[in-house]
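The values are calculated or read from the model by the stated rules, or taken from the named source; none is laboratory data. Computed from a predicted model, the values in this text were never measured in an experiment. Here the Cβ positions follow ideal geometry from the backbone for every residue, glycine too, while neighbour counts run over all protein chains shown. These accessible areas exclude ligands, DNA and RNA; they are computed on the full protein's heavy atoms, side chains included. Shrake-Rupley method; radii C 1.70, N 1.55, O 1.52, S 1.80 Å.
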Amino acid sequence: SANFSLHGSKVTGDFAIPDDLYPAAIDRGQFSRVIHNIVINAVQAMPSGGKIRITAENTELEKGNYYELPEGMYVAIRIRDNGPGIAQENLKKIFDPYFTTREKGSGLGLAIVYSIVKKHAGTIALESVLGQGSCFTIIIPATTLDSVENTTAEVQIDLTGINVLFMEIGRAS
């Protein structure tokens, strides 16, 4: 997702994801959207180029932790950019629907990110310093290897009575 979002931009990606990262029960499509939205925001904030570093690590949260999550094992994903940063007065509003500082922005990207992370029983935090960049930290619960089912199901679909329409759209000569 990050590489796709960086494609064609002047921003480079740097990744540090360990092989022994805990598994997490996530919807891959939804989490792809989380990464995409955060990276796209960073790319838009750095039109002249820059660097995004994405890291992931296993972490254990204790009772009463900073993130106000239940104690247990988690996966922490950090997306850090070296862009212009976000003004202090905007930090508390950054996940609000329709909040944007961009002329052409809808203000929905980070609201969607927040919603998806919360639906995965996790949380997201943001640190930013003007002139130095921003860092989003996503914390999601890890699952035990015993609870991860790695199965392949064979699905049979009856296509009787199904019509498929193929269209080719071309230029008029």
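Would segment 31-53 turn up any residue that is of a type in the set (Phe, Trp, Tyr), more than 13 Å from the chain's Cα centre (by Cα) and either under 25 Å from His7 (Cβ atoms) or not in a helix (DSSP H, G or I) (or both)? Write out each step before concluding.
Step one: list which residues in segment 31-53 are of a type in the set (Phe, Trp, Tyr), which gives 31.
Adding the requirement that they be more than 13 Å from the chain's Cα centre (by Cα) leaves none.
Checked against the condition, which is being of a type in the set (Phe, Trp, Tyr), more than 13 Å from the chain's Cα centre (by Cα) and either under 25 Å from His7 (Cβ atoms) or not in a helix (DSSP H, G or I) (or both), segment 31-53 yields no hits at all.
Considering only residues of segment 115-133 that are within 25 Å of Asp27 (Cβ to Cβ) and of a type outside the set (A, V, I, L, M), which is most open to solvent (accessible area, probe 1.4 Å)?
Lys119
Residue pairs, Cβ under 8 Å, 6 or more apart or interchain, first in segment 54-82 and more than 30 Å from Leu6 (Cβ to Cβ), second polar (S, T, N, Q) and open to solvent by less than 20 Å² (accessible area, probe 1.4 Å). List them.
Qualifying pairs under 8 Å: Glu68/Thr123.
Within segment 1-14, is even one residue open to solvent by 70 Å² or more (accessible area, probe 1.4 Å), of a type in the set (Phe, Trp, Tyr) and either more than 16 Å from Thr137 (Cβ to Cβ) or in contact with a His (Cβ under 6 Å, 6 or more places away or on another chain) (or both)?
We begin by selecting, within segment 1-14, every residue open to solvent by 70 Å² or more (accessible area, probe 1.4 Å); these are 3-4, 7-8, 10, 12.
Then drop every residue that is not of a type in the set (Phe, Trp, Tyr), which leaves 4.
Adding the requirement that they be either more than 16 Å from Thr137 (Cβ to Cβ) or in contact with a His (Cβ under 6 Å, 6 or more places away or on another chain) (or both) leaves 4.
Among the residues of segment 1-14, at least one is open to solvent by 70 Å² or more (accessible area, probe 1.4 Å), of a type in the set (Phe, Trp, Tyr) and either more than 16 Å from Thr137 (Cβ to Cβ) or in contact with a His (Cβ under 6 Å, 6 or more places away or on another chain) (or both), which makes the answer yes.
Here's a check for you: in segment 41-60, which residue that is at pLDDT below 95 and under 21 Å from Ile139 (Cα atoms) is surrounded by the most Cβ atoms within 10 Å (Cβ to Cβ)?
Step by step, filter segment 41-60, then rank; the result is Ala42.
Residues of segment 70-91 being in a loop (DSSP other than H, G, I, E, B), over 18 Å from Ile139 (Cα atoms) and open to solvent by 70 Å² or more (accessible area, probe 1.4 Å), which ones?
Hit for segment 70-91 is Asn82, nothing else.
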